[in-house]
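Novice: Before I ask anything, here is the structure I am working with.
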Amino acid sequence: MRTQSMLVGGLAILLGAVFAMPIMGQEKKAEEKQAEEKKAEKAKAEKVAGDIGLLDTEKNYMIVVTKDGKLVTLDYTTKTKVTELKETPVKMTDIGLGSSAVVEYAVKGEKNVLTKIEFTPAKGE
């Protein structure tokens, strides 16, 4: 009788492990998928060149007007690297409207997030 109960207990443990393995495999796949999505968010930076058409330092976004007249809206953070072309670090508030700029940005979700901007001040600044 004791041998029979040990055998049943062993089978129960074995069955539990068999059913748990696919679930654990699915969890690993979900974790791998999340890691791939994070890598996709850090996608290759894109560049756009044009003039600064709008700079909203309260809402942290700007609009770049390309030579073709295309408007590109970009969000920025405190981590955005800002450099005036004479290679001195400056702040977003130092960029004036009409400045000529080359910007790098990454697409995150539905937003274009500015990662780097190099600009030449507008004439008269």
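Novice: Which members of segment 57-112 meet the condition of being touching a helix residue (DSSP H, G or I) at 6+ places or on another chain (Cβ under 9 Å), surrounded by 13 or more Cβ atoms within 10 Å (Cβ to Cβ) and assigned to a loop (DSSP other than H, G, I, E, B)?
Specialist: ASN60, TYR76, THR80
Novice: Any residue at all in segment 30-48 that's closer than 19 Å to LYS123 by Cα and either modelled with pLDDT of 85 or more or touching a His at 6+ places or on another chain (Cβ under 8 Å) (or both)? Even if it seems obvious, please write down each step before you answer.
Specialist: We begin by selecting, within segment 30-48, every residue closer than 19 Å to LYS123 by Cα; these are none.
Taking every residue of segment 30-48 in turn, none turns out to be closer than 19 Å to LYS123 by Cα and either modelled with pLDDT of 85 or more or touching a His at 6+ places or on another chain (Cβ under 8 Å) (or both).
Novice: For the list (1) assigned to a loop (DSSP other than H, G, I, E, B); (2) surrounded by 14 or more Cβ atoms within 10 Å (Cβ to Cβ); (3) among the basic types (Lys, Arg), I need the number of the one condition that LYS116 fails.
Specialist: (1)
Novice: Just a yes or no: is a residue in segment 95-110 among the basic types (Lys, Arg) and modelled with pLDDT under 90? Walk me through it before giving the result.
Specialist: Applying the first criterion (among the basic types (Lys, Arg)) to segment 95-110 yields 108.
From what's left, modelled with pLDDT under 90: none.
Scanning segment 95-110 turns up no residue that is among the basic types (Lys, Arg) and modelled with pLDDT under 90.
Novice: Quick check on this structure: which one of LEU85, LEU114 is modelled with pLDDT of 90 or more and not β-branched (Val, Ile, Thr)? Before the answer, list the steps.
Specialist: Working: LEU85 fails: modelled with pLDDT of 90 or more.
After applying the criteria, what remains is LEU114.
The values are calculated or read from the model by the stated rules, or taken from the named source; none is laboratory data. In this text, all values refer to a predicted model and were calculated from it rather than measured experimentally. In this analysis, Cβ positions are derived from the backbone assuming ideal geometry, glycine residues included, and neighbour counts consider all displayed protein chains.
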